[in-house]
2 protein chains.
Amino acid sequence: MSLPHPTADQISLPIVLAVLGDPTRLAIVRYLASKEGVPLNCSKFLDLASKTNLSYHLAKLREAGVTRSEAVGTSRLITLRRDDLDRRFPGLLDSVIAAADGDPALPAVGVSEAEVSV
Amino acid sequence: MSLPHPTADQISLPIVLAVLGDPTRLAIVRYLASKEGVPLNCSKFLDLASKTNLSYHLAKLREAGVTRSEAVGTSRLITLRRDDLDRRFPGLLDSVIAAADGDPALPAVGVSEAEVSV
DNA sequence: TCCTTAGTTCAAAAGTTATTGAACAATTGG
DNA sequence: CCAATTGTTCAATAACTTTTGAACTAAGGA
């Protein structure tokens, strides 16, 4: 582990809610949840935002304690901190993801604007 | 009903999360949840923020679809839109409120700074 | 009617967050 | 070593959010 992460008990509810309240970050979290166990690198999310902007949003998620980023080579392997989140805020992540999955208007990884309207 | 409210299906997940991501608004929602069924007026929340600022936060909650405000005389009776929220986002409100209740560091209605530290 | 109570609106200021491009580091493969 | 790949950092800007005080409206009671 390379970058600074909060410990599980430093994770703050309002910060997590505010961080998940951004559609780009919510899309990242949904995708991580859908690929649980598979560490992903940033390039997976390039259809959501520019590389620089993604770096910003991924840092927000990491600093909030929602994700964990591990440096491996030139990549960052990103995983959802599901265990920590479930322990701190039981049921929260599941209900957020289920609600997001039920909303076709939200941006999602691998679903370009074109694909949506076709 | 006097003021503009979104319909249940206009309620947006990211907006609700962002709105609940503010500690003052989270305290309002927790208090409304703890007094469910009892319509409250704004004065209940005056220990959280100034009257003007409260008006701003309560408008945010209403516009997001989290609360309903009804004008009765010079008062606004405020209630939580639990049915609508539970239908749109099952389990979300309960997990947020349970998580907030478990965090003594969060501001709460009727718990002044003095009372906390004494 | 006049005063009080309850809350809103407005404009300004302050603070925060999001987005961008250019420049930078670090690793890996040829 | 050189070039490509992967992602970060920085500074600037744009855009939004929060907070404030003063002025206002509308209802209710004396």
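Read-outs: derived from the displayed coordinates by stated rules, not from any lab. Keep in mind the model is a prediction, meaning the values are calculated, not measured. Cβ atoms come from the backbone with ideal geometry, glycine included; neighbour counts cover every protein chain shown.
Computed from backbone phi, the HN-Hα couplings of segment B:36-49 come to 3, x, 8, x, 10, 9, 4, 4, 4, 9, 5, 7, 8, 6 Hz, rounded to whole numbers (Karplus: 6.51 cos²θ - 1.76 cosθ + 1.60, θ = phi - 60°; Gly and Pro given as x).
For segment B:7-117, with only Lys/Arg (+1) and Asp/Glu (-1) charged at the beta-carbon, what is the dipole magnitude about the Cα centre, in debye rounded to 20? Can you show the working numbers first?
Working: 13 positive and 14 negative charges, 74 e Å.
Taking the Cα centre of segment B:7-117 as origin, the dipole is about 360 debye.
In percent, rounded to a whole number, the relative contact order of chain A is 36, using alpha-carbon pairs under 8 Å and six or more apart.
Evaluate segment A:44-98: find the radius of gyration of its Cα atoms, find its Kirkwood radius, and give the ratio Rg to Rh. Intermediate values should be presented prior to the final figure.
Details: Rg = 12.6 Å, Rh = 12.4 Å.
Computed over Cα atoms, the ratio is 1.02.
Derived scalar couplings between HN and Hα for segment B:79-90 equal 9, 7, 8, 4, 4, 5, 5, 5, 5, 6, 10, x Hz in order, rounded to whole Hz, by the Karplus curve 6.51 cos²θ - 1.76 cosθ + 1.60 (θ = phi - 60°), x for Gly and Pro.
Between A:GLY65 and any residue 5 or more places off or on another chain, the built amide H atoms are never under 5 Å apart.
Would you kindly give the portion of the calculated P(r) for the protein assembly as shown that falls above 21 Å, as a percent of all Cα pairs? Spell out each step's value before the answer.
Numbers: 16228 of 27730 pairs.
Value for the protein assembly as shown: 59 percent of Cα pairs lie more than 21 Å apart.
Legend: calculated FRET efficiency, A:THR7 to A:LEU46, from the Cβ-Cβ distance at R0 = 25 Å, rounded to 0.05, equals 0.25.
Relative to the other identical copies, A:LYS35 shows label-point distances of 4.8 nm, where the label point lies 7 Å from Cα along the Cβ direction and values run shortest first.
Using a ≥ b ≥ c from the Cα gyration tensor of segment B:1-47 (square roots of the eigenvalues), is it rounded, prolate or oblate, where a/c under 1.5 gives rounded and otherwise the larger of a/b and b/c decides, a/b for prolate? Don't skip to the answer; put the middle values down first.
Values: a/c = 1.92, a/b = 1.27, b/c = 1.52.
Oblate, because a/c is 1.5 or more while a/b does not exceed b/c.
Principal axis extents of the C-alpha atoms in chain A (largest first, rounded to whole Å): 44, 35, 23.
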